[in-house]
Amino acid sequence: NKFPWLKGFTSAIRRNKFLCNKINSYNKVWLRISYKMIRRQTLLFTQIQRVLTKRSITYKNLLALKGRGFFQDIFPDNANEQMKTLFKSGPQTIYAGFDPTADSLHVGNLLVIMGLIHCQRAGHNPIALVGGATGLIGDPSGRKTERNQMGESELEANLKGIQSQLERIFQNHQVCLWDDSKFKQELPQLRVVNNAEWYANINLIDFIANMGRHFRMGAMLSRSSVQTRMEAESGMSFTEFTYQIFQAYDWLHLYRAYDCRFQMGGSDQMGNLMSGHELISRVVKKPVYGMTLPLVTNEEGNKFGKSAGNAVWLDGDKTSAFALYQFFVRTADSEVEKLLKLFTFIPLLDVEQLMREHQREPEKRKAQTILAEDVTLLVHGEKGLKQAERVTDALYKGNVEALGELNYEEVKQTFVGAAVVEILAEPGMSMLQLAMKAKCFNNESDATRIISAGGFYINQKRVQNIAEIITHGIHVLKNGLSLLRVGKKNFYIVRWLK
């Protein structure tokens, strides 16, 4: 009813189909043309429909997210009905923690962020806790060795970077992926808190005397994170052993300050969730609940977003919007449905329809493209998505104009590790001279051989004539840059000086 023009659009498609069926066999040419037109119209309608519906998914009862494969466990495990009743009774407060082990989060953290956004979409109050205090201790969960202790300046830089990212992602969600007109409600604001704020005013003796008595050594030693480290050759320090006490107290503090009854975390956080639940049950004798998210892995069973030790970061300076986009475009067919359910807000029925379309024409990678679009929108916003699409057009579709639209910083971010050279523009410079000035080859003999054999590219176009003259507008893009490539992976960025 809100989009009457879509009804007209649908009716037009139906009329076209009806007319096509009436065409007799003598008009086969016109029939093919008409069906092509219908197909284009139907595809456009599907795209419009996706834009209008992908923002519409909300779950007041967050446990309904299990249908998307979202939750692995809840704690206590028999609390399903109590949690459901609380979620439906009114806005609840849910928190998740992020330790500042680096100055950027990575895609492995993205599922927890998605969980908080689902809370926000349902009208609940999300809290993101950054561990200015616990980051100095180090969470032993999922680790074989103890983390190196951070300096104060490094810690501050990491906290600032992570908080900025969280706020940016929530802002991108509100602007790009949330439909205010449909829900007629304001999204609850994300609250970012730093646990260093309350630990700064706590006396150590008082803390041990008042809180330590509520923890039992048997339970603490039984945690899987502790057991794993105790069995390792390096063992476990007392510092790391206390981590679960501080995370438990964080939850108690948030319960007292914001009536926070729910904590969300990765599957490796179950032991810490249990410690918090036990502390709050003993101190204030109120029920609280934990929810763990599944560990997302790739086909090889490795942690999602990490390849050969290299994380896919959410910071555009560490992993460009293009690189993030391509990471999801390259998702395996066997994994894409799972990731669409976890990392987008597309309704499940639409995901099923999308997968049926994908299975008919898997070579088009439509499901992967929509996944990449939505994640890039969430992390980098509309500007980042447009940049990623421009670079994709330039690199994989031969669109040189798109490459010329990028500024110098965008080109550097896109081709991380590429050598950057500045060359004075001189009339009559040959392709061979350019290659040597850019230090693409060790000597002219190698340059002549490789260029002539077709192993040299300028702005993604193969060049084989070493005597070809460099021409502005052809070899020099309108942004004043040239992108050289030797073989498949060796890139050189040329900045032309006047």
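The values are calculated or read from the model by the stated rules, or taken from the named source; none is laboratory data. Quick caveat, the model's predicted, so the values are computed rather than measured. Methodologically, a virtual Cβ is constructed for each residue, glycine included, from the backbone with ideal geometry; neighbour enumeration extends over all protein chains shown. Accessible surface is based on the protein model in full, side chains and every heavy atom, while ligands, DNA and RNA are left aside. Shrake-Rupley method; radii C 1.70, N 1.55, O 1.52, S 1.80 Å.
One line per residue, one yes/no per condition, for (1) part of a helix (DSSP H, G or I); (2) at pLDDT 90 or above; (3) out of contact with any Cys (no Cβ under 7 Å at 6 or more places or on another chain):
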| residue | (1), (2), (3) |
| --- | --- |
| Ser181 | yes, no, yes |
| Asp206 | yes, yes, yes |
| Arg229 | yes, no, yes |
| Glu233 | no, no, yes |
| Gln244 | yes, yes, yes |
| Tyr249 | yes, yes, yes |
| Leu254 | yes, yes, no |
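Give the number of residues within segment 329-359 that are open to solvent by less than 70 Å² (accessible area, probe 1.4 Å), among the acidic types (Asp, Glu) and more than 23 Å from Lys303 (Cα to Cα).
Here the count works out to 2.
Can you give me the number of residues within segment 127-136 that are out of contact with any strand residue (DSSP E or B) (no Cβ under 6 Å at 6 or more places or on another chain) and either more than 12 Å from Glu197 (Cβ to Cβ) or not assigned by the TED database to the domain that holds Phe262 (or both)?
Qualifying residue count, segment 127-136: 3.
Suppose we filter segment 183-204 for residues that are acidic (Asp, Glu) and at pLDDT 90 or above; how many remain? Steps first, answer last, please.
Filtering segment 183-204 down to residues acidic (Asp, Glu) leaves 186, 197.
Filter again for at pLDDT 90 or above, leaving 197.
Going through segment 183-204 one residue at a time, the tally reaches 1.
Just one of Ala209, Ala196 is surrounded by fewer than 16 Cβ atoms within 10 Å (Cβ to Cβ) and either on the phi < 0 side of the Ramachandran plot or of a type in the set (S, T, N, Q) (or both); which is it?
Values: Ala196 fails: surrounded by fewer than 16 Cβ atoms within 10 Å (Cβ to Cβ).
Within the list Ala209, Ala196, the selection yields Ala209.
When you check Met150 against the structure, is it of a type outside the set (Lys, Arg) and open to solvent by less than 20 Å² (accessible area, probe 1.4 Å), yes or no?
Spelling it out, it is not the case that Met150 is of a type outside the set (Lys, Arg) and open to solvent by less than 20 Å² (accessible area, probe 1.4 Å).
Within segment 72-95, identify whether any single residue is open to solvent by 60 Å² or more (accessible area, probe 1.4 Å), assigned by the TED database to the domain that holds Thr239 and closer than 26 Å to Asp315 by Cα, and answer yes or no.
no
Name the residues in segment 293-347 that are part of a strand (DSSP E or B) and at pLDDT below 85, would you?
Thr297, Lys303, Lys306, Ser307, Asn310, Ala311
So is Thr242 within 24 Å of Gly132 (Cβ to Cβ) and among the β-branched types (Val, Ile, Thr) or not? Spell out how you get there, then give the answer.
Numbers: within 24 Å of Gly132 (Cβ to Cβ): yes; among the β-branched types (Val, Ile, Thr): yes.
Spelling it out, Thr242 is indeed within 24 Å of Gly132 (Cβ to Cβ) and among the β-branched types (Val, Ile, Thr).
Of all residues in segment 467-479, count the ones that are open to solvent by less than 50 Å² (accessible area, probe 1.4 Å) and over 37 Å from the mean Cα position of the chain (by Cα).
Step one: list which residues in segment 467-479 are open to solvent by less than 50 Å² (accessible area, probe 1.4 Å), which gives 470, 475-477, 479.
Adding the requirement that they be over 37 Å from the mean Cα position of the chain (by Cα) leaves 470.
Residues meeting the conditions: 1.
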